[in-house]
Amino acid sequence: MITFWLWIILRQVEAIETHCGYDFPLSPTKYIPFYGGAEYHDYHHYVGGQSQSNFASVFTYCDYLYGTDKGYRYHKAQMAKLREQWTTSDQNGGTDATNNNKKSD
């Protein structure tokens, strides 16, 4: 019976974490191998029926093995590029090529 309740508690923590939309930095789920977390699960809801991917937030290796995570990996790479552009823009005072609306003196 103790094993049952431990399993229920673990599943509730995992469900809350994946559906809250925040990637907790000190979560105990970080120690679960192949755990996708909130970011991985958010993509699952983001694409909805458009993609057959991200089936399990714990067993992400299945998506990798069957190639159903290609959309997620592409999306993640695109978001990293955008973050890099925003960081570069902020460091340059917003004067890079992505900010053409700035008036010059």
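Derivation of every value follows stated rules applied to the coordinates shown; laboratory data play no part. For clarity, every value in this text was computed on a predicted model and none was experimentally measured. Heads up, the Cβs are rebuilt from the backbone with ideal geometry, glycines too, and the neighbour counts pull from every protein chain shown.
Note down the Stokes-Einstein diffusion coefficient of the stretch 14-91 in µm²/s, whole number, using a Kirkwood radius over alpha carbon pairs, 20 °C, and 1.002 mPa s. Rounded to a whole number, D works out at 159 µm²/s.
Distance between the 7 Å Cα→Cβ label points at THR3 and GLN78: 4.5 nm. Counting Lys and Arg as +1 and Asp and Glu as -1 over every other residue whose Cβ lies under 14 Å from the Cβ of GLU17, the net charge comes to -2.
For the peptides 1-9, 17-25, 69-77, residues were scored by their other Cβ atoms within 10 Å and the scores averaged per peptide; the highest-first order is 69-77, 17-25, 1-9. Projecting label points 7 angstrom from Cα along Cα→Cβ for GLU39 and THR68 puts them 2.2 nm apart. Compared with the direct C-alpha span, the chain from LEU10 to LEU26 gains 4.2 nm at full extension, assuming 0.36 nm per residue.
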